[in-house]
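A short worksheet on the structure shown next.
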Amino acid sequence: MMDGLQYTFSDVIKQWVGSKSTWHYVSLPVAMSDEIHTLSQYHQTKRRGWGAVKVEVSMGNQQWQTSIFPAFEGKRYALFLKADVRKQLAVTVGSEVTVSLTVRF
């Protein structure tokens with residue numbers, strides 16, 4: 001049983017191409033990102049680099065632990081999707097996915 005702040009949202013998988021790597025990600029909604037950012041300010045001792053916030057994620061039949069980062073569009077938090085997760089879920093850029101995540105401060 002997961003305890004912590006729980007959120008569910010849907011977004012379309014996007015791709016960011018950098019000089020050395022390509023990232024697949026979904027963006028958390030603006031209001032959700034603002035709320036998580038505000039709450040994370042109260043838990044500064046546990047904050048990680050680059051403003052990362054630890055989360056547990058559930059998407060389809062996949063569950064994993066990772067971090068979300070304030071990135072890209074207006075500093076909304078981004079959830080990066082590893083290749084093995086995308087493969088297991090049979091999703092790609094442009095696929096709409098529903099994500100449940102639990103914030104761990």
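The values are calculated or read from the model by the stated rules, or taken from the named source; none is laboratory data. All of these numbers come straight from a predicted model, not from anything done at the bench. Every residue, glycine as well, gets a Cβ built from its backbone with ideal geometry; the counts of neighbours run over all protein chains shown.
General observations
- Within the stretch 11-29, tally of residues that are of a type in the set (D, E) and over 11 Å from the mean Cα position of the chain (by Cα): 0
- Some residue of the stretch 76-85 being assigned to a strand (DSSP E or B) and among the small types (G, A, S): yes
- For F72, the conditions (1) more than 15 Å from I13 (Cβ to Cβ); (2) at pLDDT below 85; (3) hydrophobic (A, V, I, L, M, F, W, C) are fulfilled apart from (1).
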